[in-house]
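Let me begin by presenting the structure, written as structure tokens, before commenting on it.
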Amino acid sequence: MEKEIVKPAEGRLGILVVGCGAVATTFMTGVLMARKGLAKPIGSMTQYDKIRVGRGKEKKYLHYGDIVSLAKLDDIVFGCWDVYPQNAYQAAVYAEVLKQKDIDPVRDELELIKPMKAAFDKNYAKRLDGDNVKDCATRWDMVEQIRQDIRDFKAKNDCARIVVIWAASTEIYVPYYEPIHGKLDTLVAAMKADDREHIAPSMCYAYAALQEDAPFIMGAPNTTVDIPAMWQLAEEKRLPIAGKDFKTGQTLVKSGFAPILKVRNLGLSGWFSTNILGNRDGLVLDEPANFHTKEVSKLSTLETILRKDDQPDLYGNIYHKVRINYYPPRNDNKEGWDNLDIFGWMGYPMQIKINFLCRDSILAAPLLLDLTLLSDLAHRAGRYGIQRFLSFFLKSPMHDYTKGEEAVNNLFEQYTMLKNAIRSMGGYEADEEVD
């Protein structure tokens, strides 16, 4: 087996976050607090998880950072774009996710993180009404301005490397349109022609990042990098891309619980999922066109885990419903409620209820840390294109749908893919199978 050559994580890593809302500020605050020793990055695989490397007498369990060269928390520099001009401290206080006592010790550092003007089109998020917005003549102008932002940030902060991650709101649904999204040259032509129907602002961020040698991660269910044109660009530039949609609450439960039914050979008649949340994400998703983007992402999980063609008696007729309800009193404290109608021996019905009272940004923050550090690692290891090993962190993992590939949504198979990639990049045998 040819060993992967991984460049060491030397110098500063700039993490540029699109969006400076609840998720982004919780992420930034947690990292800044953790590196002062004032908080623990609980929930982060890169900081806590141990995996086995070697077999027999050679077997040992190591943290990721002991297997591969990961960027250190001390080497991270944060930047962001947002439609609202408030600095990260003001935004963190406004979000009301964290208590004041958990923000104030890093207030000085957060106040220095001031959002750059966002590349924004109100038609893609009608509920947002900020004025910290770029004046862009065309979509191509939007790309050029974002590229300049990345160059300026990298130079000003003396960063060796940059990773760009989307933690902004869900855009309205942009279906894959082959004449434009199918090839890189047609995508670029559409940007230059200012095609605002087929080119979302998020696509401009992704294109700009990849042109500036920065891996790009899509943390919402937006189409963005999930098109062949972007795959082509990522391969030409030899850059990792990942997406889409952070897997935080309900879908995490679904991707972990559905395999229980599968391995126990219990049938499923229906799975009803509803969410209530009141943060800015909930406000944006209260718009039907934006909710549809999220719905497509959430609905994709079950079908690839419980394959109806393999077990038609058990999963041939599942009724799967997903709802999201904007409910301001809850703010960031999301409630995911699931009802499963299952059946067992001789077809007798049973029910399972799952009520997950979660904190959306608390679950999302470690995902941002892991996705950015592991994308940076993948880049230094020479990996490029869709990073399927990052599916573990994502609700609707990217895959080549033009060739009939299906995403891996089973949480335990995703974990195996993650472990194998870490082993391989660390010079160990990738010795577990996904079956």
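The values are calculated or read from the model by the stated rules, or taken from the named source; none is laboratory data. Worth saying up front: this structure is predicted, and the values here are computed from it rather than measured. Cβ coordinates were reconstructed from backbone atoms using ideal geometry, including for glycine residues, and neighbour counts include every protein chain displayed. Calculation scope for accessible area: heavy atoms of the full protein, side chains included, ligands and nucleic acids excluded. Shrake-Rupley method; radii C 1.70, N 1.55, O 1.52, S 1.80 Å.
Before we move on, is LEU268 open to solvent by less than 20 Å² (accessible area, probe 1.4 Å) and either part of a strand (DSSP E or B) or in contact with a Gly (Cβ under 8 Å, 6 or more places away or on another chain) (or both)?
yes
Would you pick out the residues in the stretch 404-421 that are farther than 24 Å from TRP166 by Cβ and modelled with pLDDT of 95 or more?
Listed by number, the residues that qualify are ASN410, PHE412, GLU413, THR416, LYS419, ASN420.
For the stretch 199-210, check the following and say yes or no: at least one residue is part of a loop (DSSP other than H, G, I, E, B), under 12 Å from TRP166 (Cβ atoms) and at pLDDT 95 or above.
yes
Select from the stretch 376-400 the residues that are over 13 Å from ILE217 (Cβ atoms) and acidic (Asp, Glu) and list them in ascending order.
Of everything in the stretch 376-400, just one residue is over 13 Å from ILE217 (Cβ atoms) and acidic (Asp, Glu), namely ASP400.
If I ask for residues that are assigned to a loop (DSSP other than H, G, I, E, B) and either under 17 Å from GLY385 (Cα atoms) or in contact with a Lys or Arg (Cβ under 7 Å, 6 or more places away or on another chain) (or both), which ones from the stretch 163-192 would you list?
SER169, THR170, GLY182, LYS183
Condition first: hydroxyl-bearing (Ser, Thr, Tyr) and either open to solvent by 10 Å² or more (accessible area, probe 1.4 Å) or closer than 23 Å to PHE392 by Cα (or both). Now tell me which residues in the stretch 199-221 satisfy that.
If the condition is that a residue be hydroxyl-bearing (Ser, Thr, Tyr) and either open to solvent by 10 Å² or more (accessible area, probe 1.4 Å) or closer than 23 Å to PHE392 by Cα (or both), then SER202, TYR207 are the ones that fit.
For the stretch 171-198, which positions are more than 24 Å from the chain's Cα centre (by Cα) and open to solvent by less than 30 Å² (accessible area, probe 1.4 Å)?
Of everything in the stretch 171-198, those that are more than 24 Å from the chain's Cα centre (by Cα) and open to solvent by less than 30 Å² (accessible area, probe 1.4 Å) turn out to be ILE180, VAL188, ALA190, MET191.
Considering each of PHE412, PHE392 in turn, give the residue that is within 17 Å of ALA258 (Cα to Cα) and under 16 Å from the mean Cα position of the chain (by Cα).
PHE392
How about the stretch 149-164: which of its residues are open to solvent by 10 Å² or more (accessible area, probe 1.4 Å) and under 24 Å from the mean Cα position of the chain (by Cα)?
Within the stretch 149-164, ASP149, ARG151, PHE153, LYS154, CYS159, ALA160, ARG161 meet the criteria.
Being in contact (Cβ under 8 Å) with a residue 12 or more places away in the chain and over 21 Å from the mean Cα position of the chain (by Cα) is the filter here; which residues of the stretch 99-115 pass it?
ASP102, ILE103, PRO105, VAL106, ARG107, GLU109, LEU110, GLU111, LEU112, ILE113, LYS114
Can we say ASN290 is in a helix (DSSP H, G or I), touching a residue at least 60 places away in the same chain (Cβ under 8 Å) and either polar (S, T, N, Q) or surrounded by fewer than 23 Cβ atoms within 10 Å (Cβ to Cβ) (or both)?
Yes; evaluated as a whole, the condition is true for this residue.
So which residues in the stretch 384-405 are open to solvent by 20 Å² or more (accessible area, probe 1.4 Å) and in contact with a Lys or Arg (Cβ under 9 Å, 6 or more places away or on another chain)?
Of everything in the stretch 384-405, those that are open to solvent by 20 Å² or more (accessible area, probe 1.4 Å) and in contact with a Lys or Arg (Cβ under 9 Å, 6 or more places away or on another chain) turn out to be TYR384, PHE392, HIS399.
Filter the stretch 267-280 down to the residues that are out of contact with any Leu (no Cβ under 7 Å at 6 or more places or on another chain) and aliphatic (A, V, I, L, M), then identify the one that is nearest to THR25 (Cα to Cα).
Once the filter is applied, the top-ranked residue is LEU277.
With a cut-off of at least 2 residues that are surrounded by fewer than 18 Cβ atoms within 10 Å (Cβ to Cβ), name the strands (runs of 3 or more DSSP E) lying wholly within the stretch 21-132.
Output list reads 50-53, 60-63.
Within the stretch 241-255, does at least one residue satisfy the condition of being under 22 Å from PRO366 (Cα atoms), β-branched (Val, Ile, Thr) and in contact with a Pro (Cβ under 8 Å, 6 or more places away or on another chain)? Don't jump to the end; show me each part of the working.
Keep residues of the stretch 241-255 that are under 22 Å from PRO366 (Cα atoms), which gives 241-255.
Those still in the list that are β-branched (Val, Ile, Thr) too: 241, 248, 251, 253.
Checking which are in contact with a Pro (Cβ under 8 Å, 6 or more places away or on another chain) leaves us with 241.
Yes - at least one qualifying residue is present in the stretch 241-255.
Quick check on the stretch 1-16: of everything there that is in a strand (DSSP E or B) and out of contact with any Ser or Thr (no Cβ under 9 Å at 6 or more places or on another chain), which residue is surrounded by the fewest Cβ atoms within 10 Å (Cβ to Cβ)?
Filtering the stretch 1-16 for residues that are in a strand (DSSP E or B) and out of contact with any Ser or Thr (no Cβ under 9 Å at 6 or more places or on another chain), the one surrounded by the fewest Cβ atoms within 10 Å (Cβ to Cβ) comes out as ARG12.
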